[in-house]
Structure formats: structure tokens, C-alpha cells
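I have placed the structure first, in the form of C-alpha cells, so that the comments after it can refer back to it.
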Amino acid sequence: MKCNKVKYKLNRYADGELDTAQARKIEEHLAICLECGEELQRYRAITDLLDGLENPDPPESFARSVRAEAENQLQNAPKKRLITFPGRRLTPVFARVAASVAVLLGLGIGALLGHGAHATVESTYVAYEEDYILDSYFSNLPVNEISNNYLALIDYGETNNEF
Amino acid sequence: MRESDEWLMKKAGKGDMDAFEELVGRYQKGAFNVAFKMLSDEHLAADLAQEAFLRILDKAEKYQPTAKFSTYFYSVLRRICIDHYRKKKPDSRPDFQSNEAENDLPADILIRKERDKTIHEAIFTLPARQRMALTLKHMQQMSYAEIAEVMDCSTGAVDSLLIRARKKLKNKLKGKL
């Protein structure tokens, strides 16, 4: 194996990320090449430093305070709904009856109001269409559109400035 | 017998708060330090670490151990840190104030502390993604594949981030240690 190939893989080798066969090839090269050996030494100097770094402890009783906060949130959480979707949990008989009555009532009221439904359906359609236009606004822009540069900048920011 | 993280998580999902506290105990230092390295503020790091634990508890009931718990947890923590970062970019550097009481420490410990402080300061000058990769590698001893999962990138990208981070650190620390 040549020096440039070894140097390319030295990072992974030092981190134990190479498979046995590849690691053996690197070791064979390191046994005869002083330059790559020194490169590895320099490399290990920095990784050893980082591995031995003492890191600060979290505040005392952190685990207990997280537990206390969790219990507090659980106590103050809104009660779970009684009605769940079929197949997930059995619901009390009262809740099932109440749900059936609500559905029947809804159907009845819907049937009564059905005559004037034209305008509502039309406006709903328009609303959906507006949502669709908004959703697709950025995704369907031509390649040279200036807004695409804005999107590219966001991507760049996410890649380079955030973790 | 030491129960696995995944098992503790399942128990926490069933309301076992002792299991949850055990899980927090296991990951508190890592969570705190990862958040601290990202946001360079100890109080904020503690808050966000707590938020990550509360969030996983909230999802614990539906938790499926398809991946290692550690990668799942650090992914959640990373997401929380990103959300915070987007709202308010952190001040560039943490303030490492020396503690008066530290002056009474033995010389070798003082030297070590001073050395660690220099290294930490150098780490904080790195770009956020390099800092994150470095922290997960050297603090959490994660493999490239695990880091890639947490950071939502390829193992090649992790390799590249670590190479650049270590190279920069080496240059920054030259002559200082």
C-alpha cells in the first residue's frame, strides 16, 4: 500500500474503524514507513489528549430533579381521552354509546343543512387549493428562480453552521 | 444484574419512574456535556439535557428499540439543541472563570485543569458540526456509524468532520500544551 493511501485511511485506522484485512495492510506499511508512523504518532497525540479530557459534571442531584419535573408534568398533564380508536384500547360502554349518539346527531344535522351545501363545498375547495399553492410554492420554482438561491442558502446554513 | 438501556426505557414507558431515573443517571453526564459543547452555556446545557429526558419519557410508551438507545437519545438531544440554536444563537465562547478554591489544589491537578481548560477553549472555536462529531467520538466513544445516525449523515461525512476537527485542534494547540 502506498503512503497516500495509508494517510487517507489513517484516521479510520486510529479510530478502529477499519476491518481486520484493511487494518493489517496499514500495519504492514507502518512497519516499514517511518513517515507514516510519525503521522500516526502525531495523530494519536491529539486523540489521546481528547480521550483523557476531563469533562464537567452536571449539576448535583440532576437525575432526581429531572425525575421530579417528570412526575410534576405527569400529574399536571391533561387526562387522557376516554374514546380511543378501535383496536387500540377498549372504551367504556358509556363512551361508546355517547360516541354513537354524537355520530347520529351529526349525520342528522348534516342532512338538515345539506340543501345549502353548495357554497360551503366550493369555498372549502378554494381553501384547499390555496393551501396547495402555498405548499408547492417553493418546491415547483424554476431552476433559475432567485428564491431557489434563498433555499440553497438555508441548506448551506444547516450544513455548515448547525450540528 | 445491570439492565439494558432499552429495557429501562420500556419500563419507563410503563410508568416505572425508578427505571427512568436510572436512565437519566446513566446519561446525565453525556447529555450535559454534549449540550454544553454545543451551546457553551452550563445552565442552558442542563435545561436542554432535562428537556431531552422529558421528551424521551413522553415518547417512552411507544418506544421501539430498533436502534441503540444511546443513538436515539443523542438524536433527540441534538434536535433540541438545533431548535434552541435556531431561536437564539449562543454566545461565541463560554466564560471559563477560575475558581478561587482551585488555588488550594495540588500542583499536578492544577496543571491538568489548566490543560483541560485550554483544550476546551480550543474545541469551542471549532464549527458546531465538527464539535458535535468530536464530542460524540471522544466523550461518548461512539463508532462512526453511531455518530452518523445521531447527526443524520454518512460515515464518510463523520470521517471528514473528525479529520478537519482534529487538524484544526492540533494547529490551535500547537505550542500551548
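The values are calculated or read from the model by the stated rules, or taken from the named source; none is laboratory data. From a predicted model like this one, the values you see are computed outputs, not experimental measurements. With ideal geometry, Cβ positions are generated from the backbone for all residues, glycine too; neighbour counts draw on all protein chains shown.
When you check B:Ser75 against the structure, is it at pLDDT below 90, under 18 Å from the mean Cα position of the chain (by Cα) and among the polar types (S, T, N, Q), yes or no?
no
A:Gln41 versus (1) modelled with pLDDT under 90; (2) loosely packed, with under 13 Cβ neighbours inside 10 Å: which is the lone unmet condition?
Of everything listed in (1) modelled with pLDDT under 90; (2) loosely packed, with under 13 Cβ neighbours inside 10 Å, A:Gln41 misses just condition (1).
Which condition from (1) in contact (Cβ under 8 Å) with a residue 24 or more places away in the chain; (2) surrounded by fewer than 19 Cβ atoms within 10 Å (Cβ to Cβ); (3) not in a helix (DSSP H, G or I) is the one that B:Ala122 breaks?
(3)
Could we say that B:Met9 is in contact (Cβ under 8 Å) with a residue 12 or more places away in the chain, away from every other protein chain (no Cβ under 13 Å), crowded, with 20+ Cβ neighbours inside 10 Å and of a type in the set (A, V, I, L, M) here? It would help to see each step written out before you state the result.
Numbers: in contact (Cβ under 8 Å) with a residue 12 or more places away in the chain: yes; away from every other protein chain (no Cβ under 13 Å): yes; crowded, with 20+ Cβ neighbours inside 10 Å: yes; of a type in the set (A, V, I, L, M): yes.
Yes, satisfied.
Do you know which of the residues in the range A:49-80 that are facing another protein chain (nearest Cβ under 10 Å) and of a type in the set (D, E, K, R) is nearest to B:Phe36 (Cα to Cα)?
For the range A:49-80, the residue satisfying everything is A:Asp57.
Go through the range B:152-168 and give me each residue that's part of a helix (DSSP H, G or I) and surrounded by fewer than 21 Cβ atoms within 10 Å (Cβ to Cβ).
Step one: of the range B:152-168, the residues part of a helix (DSSP H, G or I) are B:155-168.
Within the range B:152-168, B:Thr155, B:Gly156, B:Ala157, B:Asp159, B:Ser160, B:Ile163, B:Arg164, B:Lys167, B:Lys168 meet the criteria.
Tell me yes or no: at least one residue of the range B:154-165 is farther than 28 Å from A:Leu18 by Cα, at the interface with another protein chain (Cβ under 10 Å from one of its Cβ atoms) and out of contact with any Asp or Glu (no Cβ under 9 Å at 6 or more places or on another chain). It would help to see each step written out before you state the result.
If we filter the range B:154-165 for residues that are farther than 28 Å from A:Leu18 by Cα, which is where we start, we get none.
No.
Filter the range B:26-75 down to the residues that are without any contact (Cβ under 8 Å) to a residue 24 or more places away in the chain, away from every other protein chain (no Cβ under 12 Å) and either assigned to a helix (DSSP H, G or I) or closer than 21 Å to A:Asn72 by Cβ (or both) and list them by number.
B:Lys59, B:Tyr72
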